[in-house]
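Structure, as structure tokens:
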Amino acid sequence: MFDGFSDDTVYRIAAAGLKHPQRNRSARPAQEPRLPVESGRVHAVLSAILDARSLRIRDLKDALKIPHASINALMQYLKRKALVQKTSQELGAPYSLTDEGLEILTEMERRDSCVYRKP
């Protein structure tokens, strides 16, 4: 069918298309994709680093009352996920959030901050 301003083809939706589930406005929307990290402990660590701008593992351990072995493993995990990075190459250098770490923390708080409050 030709119609319109410059004889372009114009399409009209058929009756069958109007009944298609994708056009149903009352349909339940899809759930948001899961975050790469979701625990309260991760939220607490990322929040603490953001608040201080950078923290050493021992400072996180003391502030959050997390055993050294656990916080060390968690920081290595967050480093592999590219959510945190060392501020320098020194052995005891503090960690800071990456841009992705800040995005994940922001998204965790946007979705439901009460879920992540307890470490």
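Structural remarks
- Hey, ARG28 exposed (fewer than 10 other Cβ atoms within 10 Å of the Cβ) and either among the basic types (Lys, Arg) or closer than 23 Å to LYS86 by Cα (or both) or not: yes
- Odd one out for LEU78, checked against (1) within 23 Å of the chain's Cα centre (by Cα); (2) part of a loop (DSSP other than H, G, I, E, B); (3) without any contact (Cβ under 8 Å) to a residue 60 or more places away in the chain: (2)
- Residue list for region 19-52, filter: among the basic types (Lys, Arg) and closer than 13 Å to ARG111 by Cα: ARG34
- Yes/no for GLN85 being at pLDDT 95 or above, in a strand (DSSP E or B) and of a type outside the set (Gly, Ala, Ser): yes
- Residue check: ASP62 meets all listed conditions (1) touching a Lys or Arg at 6+ places or on another chain (Cβ under 8 Å); (2) more than 27 Å from ASP112 (Cβ to Cβ) but one, namely (1).
- Filtered residue count, region 64-91, keeping only those that are surrounded by 15 or more Cβ atoms within 10 Å (Cβ to Cβ) and aliphatic (A, V, I, L, M): 8
- Any hit, region 47-60, residues being part of a helix (DSSP H, G or I) and either among the acidic types (Asp, Glu) or in contact (Cβ under 8 Å) with a residue 60 or more places away in the chain (or both): yes
The values are calculated or read from the model by the stated rules, or taken from the named source; none is laboratory data. Given the structure is predicted, the values throughout are model-derived calculations rather than measurements. Glycine also receives a Cβ, built like all others from the backbone with ideal geometry; neighbour counts cover every protein chain displayed.
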